[in-house]
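Q: Sharing a structure, written as structure tokens. Questions coming.
The values are calculated or read from the model by the stated rules, or taken from the named source; none is laboratory data. Here the structure is a predicted model, which is why all the values come from computation and not from measurement. Quick reminder, even Gly has a Cβ in these numbers, built from the backbone with ideal geometry, and neighbours come from all protein chains shown. What goes into the accessible areas is simple: the full protein's heavy atoms, side chains included, and nothing from ligands, DNA or RNA. Shrake-Rupley method; radii C 1.70, N 1.55, O 1.52, S 1.80 Å.
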Amino acid sequence: MDAIPESPSVPHYSATAVAITAAIIFVIAHFALLVGVSTPEKLYFDEVHYVPAARQMLAPVTSAPLLNPMHPPLGKQLIALSIRSFGDTPLGWRYPSVLFGAITIVAMYLCGLALFARQEPAVVTALLTFLNQMVFAQSRIAMLDIFALAFGLLAMAAFIHGFRKPRPQLWFALTGLGCGLSIACKWSGLFVLAVCMVIVAVIRLMQGWRTQFADGDADDWYEPDLWPGFRSYHFVACFLLLPAIVYLATFVPLYGWSLPDILAAQRRIFSDNSTTAIADHPYMSAWPSWPLLVRPVWYLFEKAGDDRFQAIIFLGNPLILWPALPALAVCLRDWVMARRLEAFLILAFYLGPWLAWALLPRTLSFLYYYLPSATVASLALVYALTRGGGARGRWMLWMSVAIACVGFIVMLPISVASVETTMAGYVRLMLFKSWI
């Protein structure tokens, strides 16, 4: 068997270095995502739902009916705040997505740092997140998914960081806070919270059964003496009460302190998100097909001139997401055969938000529902490439960044509307009939 990674229990970084690196990543990502974000100068794809809802929130008196009642208000409140600050313009609509796209990349850096306890793999994780066309495209459109993703990843980073702490209460509380904000943007944020709760519940159950591994060591995902001071009431406070309070607080600006109105809003959201009576959509796809990138979503494809087109596709960088699939298989092997904590957490946060869609009655689904799992897949790739450490691992790590960069650049004509593409260029990039 190949050598497994060294234990990440001893951090190879300082708090100052982390703060400086995170700030640099944020600034670079922020300005890179801003380039050309105002093109097109009109609403496109699902912006036609969320921007009008945000405008409605800015009115002195909220008119009836309430627009876009099928999603919680926080994401639309962020768009409304940006419109108030920057004007009712393309920049005003899309700047919050740019901001939270940069936060997403920083959050993935923090997740990588919490998992690998070294700066280099954490920085590479952030680079792969930026070069993953999914995150890039979603960070430049006024939709809710990037807000839910950013808060969810911050929650995940807090959870992973607190996992090996003897007193994880603070970090698990931050996890609950992040999950509450994520759910307040879109209910899919519940998936990250559910993964955290299941992990903690399973570990507590195994401890209650006095489970021990015969050859257990400090690198196992489970330890019989993990979190000695973490009680049941801590679990309730961190993973139930705090997320619920944060979530419900975002409805107060809309409904005041009227509990019946807030509860009615929850029933409306549940009804809209659980319905199966939805007609087919040309870009819909089933959850088993998402890791293979079978059916992308075309956000924009319009003629801009003679043989020039503006195109934005939500597809994902195949040079990241396809290699990530065997990397996930490596994680599965290391979890089963070596009980590696890093492999276990990567699998949990990848499989949870993806397979949850298999349990839902909703029939209409799209590739962008795969965004959280596709983002976490970068961690699997970094994990697989750094197994055993050494110069070879470092070389492969940076080679993966170079290869991903090639894929990112090739896809720019169908990622950035201001770059534009020709029909011949479009045909070259459509490798499969299902991509059209």
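Q: Evaluate the following for Phe130: is it part of a helix (DSSP H, G or I) and either open to solvent by 10 Å² or more (accessible area, probe 1.4 Å) or polar (S, T, N, Q) (or both)?
A: yes
Q: Then there's this: Out of curiosity, is Ala137 more than 22 Å from Gly189 (Cβ to Cβ), open to solvent by less than 30 Å² (accessible area, probe 1.4 Å) and not hydroxyl-bearing (Ser, Thr, Tyr)?
A: no
Q: Given the criteria open to solvent by 20 Å² or more (accessible area, probe 1.4 Å) and over 21 Å from Asp261 (Cα atoms), does Arg84 qualify?
A: On the way: open to solvent by 20 Å² or more (accessible area, probe 1.4 Å): yes; over 21 Å from Asp261 (Cα atoms): yes.
Here the answer is yes, as Arg84 does meet what is asked.
Q: Filter region 352-384 for residues that are open to solvent by 50 Å² or more (accessible area, probe 1.4 Å) and among the aliphatic types (A, V, I, L, M) and give the result.
A: Leu355, Leu359, Leu360
One line per residue, one yes/no per condition, for (1) open to solvent by 20 Å² or more (accessible area, probe 1.4 Å); (2) touching a strand residue (DSSP E or B) at 6+ places or on another chain (Cβ under 8 Å); (3) part of a loop (DSSP other than H, G, I, E, B); (4) at pLDDT 95 or above:
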| residue | (1), (2), (3), (4) |
| --- | --- |
| Glu6 | yes, no, yes, no |
| Val10 | yes, no, yes, no |
| Ser38 | yes, no, yes, yes |
| Tyr50 | no, no, no, yes |
| Arg55 | yes, no, no, yes |
| Pro60 | yes, no, yes, no |
| Pro72 | no, no, yes, yes |
| Lys76 | no, no, no, yes |
| Arg94 | no, no, no, yes |
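Q: For region 283-333, name all the residues that are of a type outside the set (Asp, Glu), within 17 Å of Phe45 (Cα to Cα) and open to solvent by 60 Å² or more (accessible area, probe 1.4 Å).
A: Phe301, Lys303 - these are the residues of region 283-333 that are of a type outside the set (Asp, Glu), within 17 Å of Phe45 (Cα to Cα) and open to solvent by 60 Å² or more (accessible area, probe 1.4 Å).
Q: For region 385-407, give me each residue that is crowded, with 22+ Cβ neighbours inside 10 Å and under 20 Å from the mean Cα position of the chain (by Cα).
A: The one that is crowded, with 22+ Cβ neighbours inside 10 Å and under 20 Å from the mean Cα position of the chain (by Cα): Ala404.
Q: When you go through (1) open to solvent by less than 10 Å² (accessible area, probe 1.4 Å); (2) part of a loop (DSSP other than H, G, I, E, B) one by one for Gly152, which number turns out not to apply?
A: Unmet for Gly152, out of (1) open to solvent by less than 10 Å² (accessible area, probe 1.4 Å); (2) part of a loop (DSSP other than H, G, I, E, B): (2).
Q: Which of the residues belonging to region 161-171 are open to solvent by 10 Å² or more (accessible area, probe 1.4 Å), out of contact with any His (no Cβ under 9 Å at 6 or more places or on another chain) and either aliphatic (A, V, I, L, M) or assigned to a helix (DSSP H, G or I) (or both)?
A: His161, Leu170 - these are the residues of region 161-171 that are open to solvent by 10 Å² or more (accessible area, probe 1.4 Å), out of contact with any His (no Cβ under 9 Å at 6 or more places or on another chain) and either aliphatic (A, V, I, L, M) or assigned to a helix (DSSP H, G or I) (or both).
Q: In addition: Inside region 334-347, can you point out the residues that are free of Cβ contacts under 8 Å to residues at least 40 places away in the same chain and either open to solvent by less than 10 Å² (accessible area, probe 1.4 Å) or closer than 17 Å to Ala114 by Cβ (or both)?
A: Correct list: Leu347 only.
Q: Return yes or no: is Ala117 under 25 Å from Leu341 (Cα atoms), of a type in the set (A, V, I, L, M) and surrounded by fewer than 23 Cβ atoms within 10 Å (Cβ to Cβ)?
A: Spelling it out, Ala117 is indeed under 25 Å from Leu341 (Cα atoms), of a type in the set (A, V, I, L, M) and surrounded by fewer than 23 Cβ atoms within 10 Å (Cβ to Cβ).
Q: Any residue at all in region 200-217 that's open to solvent by 30 Å² or more (accessible area, probe 1.4 Å) and touching a Leu at 6+ places or on another chain (Cβ under 8 Å)?
A: Yes; the residues of region 200-217 include at least one that is open to solvent by 30 Å² or more (accessible area, probe 1.4 Å) and touching a Leu at 6+ places or on another chain (Cβ under 8 Å).
Q: Give, as residue ranges, the helices (runs of 4 or more DSSP H) completely inside region 172-278 that count at least 1 residues that are free of Cβ contacts under 8 Å to residues at least 24 places away in the same chain and more than 29 Å from Lys76 (Cα to Cα).
A: 190-208, 232-236
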